[in-house]
Amino acid sequence: MVLVEGEKIYVLGIETSCDDTSVAIVCNGAVLVNLTTSQWIHEKFGGVVPEYASRFHVEAIAELAGMALNAAQLNVEKIHAVAVTNGPGLMGSLLVGLSFAKGLCLSLGIPLIAINHLQAHAMSLFIEENASFPLLCLTVSGGHTQLLLMRDQFEMELLGQTLDDAAGEAFDKTGKLLGLPYPAGPWVDKYAALGTATFDFPLAQTPRYDYSFSGIKTSVLYFLRKQLALSPDFIERHRNDLCASIQKAIVKMLTAKLLQAAEAYGVNNIGVAGGVSANSGLRRELNELAEQRGWKLYIPKMAYCTDNAAMIASLGYKKFLRREYSGLETPALARFPVTETQV
Ligand code: KG4
Ligand code: ZN
């Protein structure tokens with residue numbers, strides 16, 4: 001592609017890896033528009049139903065892209081490249097965004113830029129701020145938990161990740177055991193603020209910087225079974241304290257590894273991305289640690305923490321400048337091999 005000097009570069013970003021359909025446009029890396037629609041249908045099933053997720057993406061994607069172009073007052077021919085999440089995520093959902101992106105690129109004759117969703121979450125730290133390096137990025141969402149050591153925006157090392165459930169899943173699944181609606185994370189947070197962490201749930205012992213959250217779900221399950229047999233209204237009477245105790249355990253596990261890595265690598269710049277970064281217990285703990293340890297903390301605004309296309313388009317712009325284009329044969333990958341996230 002031949003660029004005229006001083007020409008503004010527009011990249012359209014598409015994110016459909018799970019249950020949020022999102023389209024964004026960046027101009028020279030600055031976000032012009034970032035539109036996201038969430039799918040409420042999954043609430044009544046207590047979790048994301050992959051088939052519904054893909055169907056809703058199909059219904060939403062073209063209209064959302066049109067709305068994004070309108071909001072940015074851009075004709076589609078002005079777009080230089082389309083960046084799209086090609087994994088990890090739900091296969092059906094990924095295919096909707098990827099196929100739509102390929103269609104656009106083919107019809108406009110512009111490059112496709114495939115984006116690793118987890119690398120994009122880390123990129124969300126740089127949308128509004130110029131975070132400094134080296135940087136530890138903790139990505140915590142409903143689907144992922146990972147700790148990255150970033151030496152710059154393209155050189156990152158995966159230090160650890162969850163061996164089973166993600167941190168958001170731990171909130172959602174334990175909250176479900178308490179009868180809270182899906183996604184339970186924000187509810188656990190809300191009730192935790194009204195309670196005291198009086199119950200002790202064991203913290204998983206995992207190697208190095210890996211995480212494990214399936215144990216807390218099981219221990220809450222067995223604990224509740226025992227208590228409910230003795231007193232059927234146990235949950236109602238102790239809901240706030242149960243939430244505070246669960247939240248404390250999850251936050252402790254998250255911050256313990258972060259602290260360990262920060263000390264081992266001598267890093268003072270700490271970033272947190274993903275939907276769980278909204279958790280007030282996690283934020284409080286991180287702020288305290290930051291004060292004690294002299295950390296510079298980076299937490300993007302919520303619209304950039306949860307799944308969004310702004311982070312996809314922002315990373316897409318950086319890859320565009322590096323001419324890192326992807327062929328139209330690029331597959332959707334439900335799982336990325338670990339080496340692929342160690343970009
Ligand atoms: O990043 P995100 O929007 O989507 C995924 O990629 O999964 O994260 C959603 C997750 C859900 O598990 C939700 O329960 C959790 O983030 N979450 C929270 C809070 N707000 C959202 N968990 C704990 N406390 C919160 N305030
Ligand atoms: Zn995500």
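The values are calculated or read from the model by the stated rules, or taken from the named source; none is laboratory data. Nothing here was measured: the structure is a model prediction, and the numbers come from that model. Reconstructed Cβ throughout: ideal geometry from the backbone, glycine too, with neighbour counts over all protein chains shown. In case anyone asks, the SASA skips ligands and DNA or RNA and just uses the protein heavy atoms, side chains included. Shrake-Rupley method; radii C 1.70, N 1.55, O 1.52, S 1.80 Å.
Mind giving me the FRET efficiency for SER99 and SER280? R0 is 51 Å, r the Cβ-Cβ distance, nearest 0.05 is fine.
The value I calculate is 0.85.
Over the range 1-120, what percent of the accessible surface lies on carbon and sulfur atoms, probe 1.4 Å?
57 percent
Order these peptides, 174-184, 16-26, 273-283, by their mean beta-carbon neighbour count within 10 angstrom, highest first.
Values: 174-184: 20.0, 16-26: 28.1, 273-283: 22.6.
Result, highest mean first: 16-26, 273-283, 174-184.
For the pair GLU51 and ASN28, how long in nm is the line joining their label points, each one 7 Å along Cα→Cβ?
4.9 nm
Give me the percent of the accessible area of the range 133-299 that comes from carbon and sulfur atoms, probe 1.4 Å, all protein chains in place.
Working: 3750 of 7280 Å².
Accessible surface attributable to carbon and sulfur in the range 133-299 totals 51 percent.
Taking Cα atoms of the range 133-299, Rg/Rh with Kirkwood Rh, to two decimals?
So for the range 133-299, dividing Rg by the Kirkwood Rh gives 1.00.
Could you tell me what a quarter of the Cα convex hull surface of the range 25-97 works out to, in nm² with one decimal place?
Details: hull surface 22.1 nm².
Reported value for the Cα convex hull: 5.5 nm².
What residues have an amide H closer than 5 Å to that of ILE9, excluding those fewer than 5 places away on the same chain, when H is modeled at 1.01 Å from N in the peptide plane?
ASN28
Per-residue HN-Hα couplings for the range 62-78, Karplus 6.51 cos²θ - 1.76 cosθ + 1.60 at θ = phi - 60°, whole Hz, x for Gly and Pro?
Couplings: 5, 5, 5, 5, x, 5, 5, 5, 4, 4, 8, 6, 10, 7, 4, 5, 7 Hz.
For the chain, what does the accessible surface come to per residue with a 1.4 Å probe? Please give it in Å². Could you put the intermediate results ahead of the total?
Numbers: 15120 Å² over 343 residues.
Here the per-residue accessible area is 44 Å².
Full-extension gain between ARG208 and LEU108, please, as 0.36 nm times their residue separation minus the C-alpha to C-alpha distance. Don't skip to the end; give the middle numbers.
On the way: separation 100, 0.36 × 100 = 36.00 nm, distance 4.71 nm.
My answer for the length gained is 31.3 nm.
Hey, with R₀ at 45 Å, roughly what FRET efficiency would ALA303 and LEU228 work out to, going by the Cβ-Cβ distance, to 0.05? Show your work: numbers first, answer last.
On the way: r = 39 Å, r/R0 = 0.87.
The formula returns an efficiency of 0.70 here.
Give the angle, between 0 and 90 degrees and rounded to the nearest 10, that separates the Cα long axis of helix 309-321 from the longest principal axis of the Cα atoms of the chain.
Helix 309-321 sits roughly 50 degrees off the main axis of the chain.
Order of 249-259, 4-14, 110-120, 195-205 by packing, highest average Cβ count within 10 Å first?
Highest mean packing first, the order is 110-120, 249-259, 4-14, 195-205.
What spacing in nm lies between the two simple spin-label points modelled at ARG151 and MET91, each 7 Å away from Cα in the Cβ direction?
Computed distance between label sites ARG151 and MET91 equals 3.6 nm.
So in the chain, what percent of DSSP beta bridges are antiparallel if you round to the nearest 5?
Percent antiparallel among DSSP bridges in the chain is about 60.
How tilted is helix 214-230 with respect to the longest principal axis of the chain? Cα atoms for both, answer in degrees (0 to 90, nearest 10).
Roughly 40 degrees between the two axes.
What shape does the range 102-178 have by the C-alpha gyration tensor, where a ≥ b ≥ c are the square roots of the eigenvalues, rounded means a/c under 1.5, and otherwise prolate means a/b greater than b/c and oblate the rest?
Values: a/c = 2.52, a/b = 1.37, b/c = 1.84.
Because a/c hits 1.5 or more and a/b fails to exceed b/c, the range 102-178 counts as oblate.
Give me the distance in nm between label points sitting 7 Å out from Cα along the Cα-to-Cβ direction at GLN292 and ASN268, one decimal.
1.8 nm
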